[in-house]
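Below: one structure, written as structure tokens.
The values are calculated or read from the model by the stated rules, or taken from the named source; none is laboratory data. Quick caveat, the model's predicted, so the values are computed rather than measured. Glycine also receives a Cβ, built like all others from the backbone with ideal geometry; neighbour counts cover every protein chain displayed. The accessibility values were calculated without ligands, DNA or RNA, using every heavy atom of the protein model including side chains. Shrake-Rupley method; radii C 1.70, N 1.55, O 1.52, S 1.80 Å.
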Amino acid sequence: FISLAVERSDGIGDYLQVLEMAHTQTVRAAKEIESHKNNLALSLAEAQSSARGLGIHVDKSSMRLAGRGNPSMSSTAESNANHAIGTAEGGEEFKFDERVESIFDPFRKDYLGKELENLTDKCRAVVEQAIVLDEKQREELDDKSIFGRRKKGAKGSLALKHWVLQALNAPGEAKFNRESSSPPRSPFSRKDTSSGLPEGSTVQVTNAVLQNLTLALKRAERLGGDVADCCNRLAQETWSLLLESYVSVALDLAEQVLPDEDPREEPDTRFFLQTTQAINMIIHQLTSHYQDQIVPRLEDDPNTKTRSRQSNQSKIRKIEQRLIYGLTLCLNAAIKHFEKLLARLQRPGDFKPKDENHNIDCTDTCEAACAFVTSQADCAMETLEGQNLDAYLAEFGRRVYHSLKTHLRKFSVSPLGAMVVSMDVKKYQATVQSFHIDEVSAKFAILYDMTSLLLLPTEQLGMVIQQRLLAVSKEELHEFIKSRADYQKQRIQIMSALNL
């Protein structure tokens, strides 16, 4: 019956469904037979008990009732008892699990190949629905070099940007306040994040692929023979297809529109950050599914489990390396623009005002630079989450700090100008407070304390250093104090205050 049903199946998908249904029904029938056997065994026990009560001997070797002719037992009772014993005897030798599995052994040699082919076809169809490149987009992708060989100035078209964001359904434009009561959950959180993920292509495509994998895993447990090996091969095939045919294509395109490291105008980092977050969502879904559905099926085969984990980690590392490469370019471009902004707008007279009635306030350069830093931080907060957001803002904050400190050392600062420097640094400090990164906040707090060294009389420098700046090296303090307009005149006193 099973062979006939399989022969009449229409395609691989139908073949697997027929085989799975046949297995389910056969197992159900076997359980019914086993239940009947147990009932017969119970009847045997009752017959033995009745026989003993009547003083009839039970011959264990023949499993037939002895003592025929016992006047206290009717011929009908004797016949029923013998029938129960004989049927149960045959049932005891019937091994149901082995007999059921032997029925399906002929189909197992082709099963895994057909399951892999079916899974690949279904998952590829899901991915190809999400990735529909027109001819112009394909030409643009083919013409430009990618990761590690990107042509300088190869920005790609707006159509490519739109396609990637649409295909991945990257986070939208809505702003996210890090101080809000319910921030988005980290894509690497161990908690259930299903409610925190947007309903869109990224989630839908990955869910559809993983649903197909889950169905295949359930069949593999019934039909696959070596369950651990089958489940691992199915999982690896799915991971490869999703990461290589979906994620890698999106990354190929995203790398074409990365900002130049030396941009002529304000760099657009939003696009790559959105792509990064969308890809992290996919990886989170994959790893969660793997932990819930694959790992339990590999527990009985530690070697397969180890190889499986290593293979997955290798695939994720390759994607992460490309993301880090892109994020590094985004940071480089943002910092380069920040430095250009400072160099272009800051005037030498900003920190040497001649008018004693000069209104002490932060400079226009500081206002513009802080607006740019805020826009970049907002972009990161709107597109990244969790550990990714913290790492990106921490690195951005560290680079802003070093660039600003280097910038301030280029100017000669008068006592009145020192007050302007102090106002500027206070503004920068307030700007980076929105990052909520302790390390960055601490660096700018120290920089603000260092501005007092440009204003105070030389005899008070030692006290300020002892109270607030012991964590800063004497050499670094000395380089910063050189910006004082009176440095040459007060050099000896300054060196003495620094114990140099």
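Against the numbered list (1) open to solvent by 20 Å² or more (accessible area, probe 1.4 Å); (2) under 21 Å from S434 (Cα atoms), T365 comes up short only at (1).
Looking at segment 443-489 only, could you name the residues that are open to solvent by 20 Å² or more (accessible area, probe 1.4 Å), among the basic types (K, R) and in contact with a helix residue (DSSP H, G or I) (Cβ under 6 Å, 6 or more places away or on another chain)? If the condition is that a residue be open to solvent by 20 Å² or more (accessible area, probe 1.4 Å), among the basic types (K, R) and in contact with a helix residue (DSSP H, G or I) (Cβ under 6 Å, 6 or more places away or on another chain), then K443, R468 are the ones that fit.
Please determine whether any residue of segment 398-405 is open to solvent by 50 Å² or more (accessible area, probe 1.4 Å) and under 19 Å from L477 (Cβ atoms). Yes; the residues of segment 398-405 include at least one that is open to solvent by 50 Å² or more (accessible area, probe 1.4 Å) and under 19 Å from L477 (Cβ atoms). Scan segment 382-414 for residues that are of a type in the set (A, V, I, L, M, F, W, C) and closer than 17 Å to D438 by Cβ and jot them down. Of everything in segment 382-414, those that are of a type in the set (A, V, I, L, M, F, W, C) and closer than 17 Å to D438 by Cβ turn out to be L389, A391, L393, A394, F396, V400. L298 passes every criterion in (1) closer than 30 Å to Q211 by Cβ; (2) loosely packed, with under 15 Cβ neighbours inside 10 Å apart from (2). Does segment 413-423 contain at least one residue that is within 47 Å of the chain's Cα centre (by Cα), over 19 Å from C370 (Cβ atoms) and without any contact (Cβ under 8 Å) to a residue 40 or more places away in the chain? Checked against the condition, which is being within 47 Å of the chain's Cα centre (by Cα), over 19 Å from C370 (Cβ atoms) and without any contact (Cβ under 8 Å) to a residue 40 or more places away in the chain, segment 413-423 yields no hits at all.
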